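Each remark here refers to the structure printed beneath this line.
The values are calculated or read from the model by the stated rules, or taken from the named source; none is laboratory data. No experiment lies behind these values; they were computed from the predicted model shown. Please note: Cβ atoms are built from the backbone with ideal geometry, for glycine as well, and neighbour counts cover all protein chains shown.
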Amino acid sequence: MVPERTLALSLTWGLGGMALVLVFLLFGTGLLLKFVYQPFPEKAYESVLTLQNSVAFGPLIRNIHHWAANALIIIAFLHLLRVFFTGAFHPPRQFNWIIGLSLFGVVLLSNLTGYLLPWDQLAFWAITICTGMLEYIPRVGIGLQRLVQGGSEVGPATLSIFYAVHTAVLPALLVLLMPFHFWRVRKAGGLVIPKKPEEPPDTRGENVPAIPNLILREVVVTLMLIAGVLVFSVAVDAPLGNKANPGLSPNPTKAPWYFAGIQEILMHFHPVFALFIIPALMTLFLAALPYLNYQTNPAGIWFASLKGRRMALFAAIAAAVLTPICILLDEYVINFAGWMPGLSPMISNGLIPFFILVFGITGFSILTKRRYKANKIEAVQMLFVFLLVAFLILTVTGVWFRGEGMGLVFWSD
């Protein structure tokens, strides 16, 4: 039996179930790919070519695996947003939010480790950029980089490590974490019951049998998702460039699209801030969200309240306007290093712009909270939306508006 009110598509949009289906689809296609793929630099690229040209349905299998992996990032990200914006991280579900964040991290790492396996120019240099970022982590960065790469640079050991992690370690983590995640949902009483602000928190409504009410909906969503992945995989081939050449770097050299936002931050801040301090603070912020002392528990209400929706919209518009302005100012106007040549880059390109950023975001949050007379959950949600939209714009900028030499380019160019 399940509460009838939880069956509405607009509550979950089937995102959790779709993520599970994509994981199984990746497991199946990944197992088939292992029959052909050889994880050695001198054979990896040729084995992909063999799969593409000489194996029945080989291109389709590779396309499904590639596009399902990219779709999983998007679906898992949307699922995370759905949980946050419906307040489904409040007690007793706060620890499940942490498990969900961990699962999302595993999904990102799975895509990153799989990105290198074709051993083409795009993959080789994108991973070179990503692993190169590790060295800026204070104290442990260089050691961590050598551990991940299996040496001082991306090479045969890196491919072997990435292959083992991609095909064994991360799938094992998914197999362990996913059932635990689902069990925690059941332990907390199932899905959050959608309700209106004036309804009491214990309102559950009428229960209906899970079969066929829930199962039928899940089957329909599953079939539509698989059909969509199949159609897209038939129409669009997974990218494959020339064989990796460690002596010839493409221009520009970009990280995978899901790390393009962090690479874009690197264009504006000292590497220690861009690759360690800012990501660490954002991770801590996300992990702390369920454990803040909120005055209310609006679980089941989209955007917490009508005021919360207005604040979220205001924050999204503000971030959409201010972020491009800041990018353009930093690209063409602001030059702290040139204005203060005596200071170290850590201060002129790190500490100073970082404090300006923190001061600006803090001031914006305080003024907006006072303007709307918001409670804590509404204010936190507003800050979350502001940072989210800003990061999405940074990602879009890194993917589509960075050209040769990572300079800023526009469509007219």
In segment 356-413, which residue that is touching a helix residue (DSSP H, G or I) at 6+ places or on another chain (Cβ under 6 Å) and among the aromatic types (Phe, Trp, Tyr) is farthest from Ile262 (Cα to Cα)? Tyr372
So Leu109, is it touching a residue at least 12 places away in the same chain (Cβ under 8 Å), within 24 Å of Lys254 (Cα to Cα) and buried (at least 18 other Cβ atoms within 10 Å of the Cβ): no
I'd like to check which helices (runs of 4 or more DSSP H) are fully inside segment 335-413 and have at least 3 residues that are under 29 Å from Ile301 (Cα atoms) and either modelled with pLDDT of 95 or more or among the aromatic types (Phe, Trp, Tyr) (or both). 352-372, 376-400
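One line per residue, one yes/no per condition, for (1) outside any helix (DSSP H, G or I); (2) within 19 Å of the chain's Cα centre (by Cα):
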| position | (1), (2) |
| --- | --- |
| Gly87 | yes, no |
| Ile99 | no, yes |
| Ser102 | no, yes |
| Gly105 | no, yes |
| Tyr115 | no, yes |
| Trp125 | no, no |
| Thr131 | no, yes |
| Glu135 | no, no |
| Gln145 | no, no |
Being under 14 Å from the mean Cα position of the chain (by Cα) and among the hydrophobic types (A, V, I, L, M, F, W, C) is the filter here; which residues of segment 391-405 pass it? Phe391, Leu392, Ile393, Leu394, Val396
Has segment 362-377 got any residue that is surrounded by fewer than 17 Cβ atoms within 10 Å (Cβ to Cβ), under 29 Å from Cys130 (Cβ atoms) and not hydroxyl-bearing (Ser, Thr, Tyr)? no
Out of everything in segment 320-334 that is in a helix (DSSP H, G or I) and among the aliphatic types (A, V, I, L, M), what residue ends up being surrounded by the fewest Cβ atoms within 10 Å (Cβ to Cβ)? Ile325
When residues of segment 188-227 are limited to those that are at positive phi and in contact with a Ser or Thr (Cβ under 9 Å, 6 or more places away or on another chain), the one modelled with the highest pLDDT: Gly190
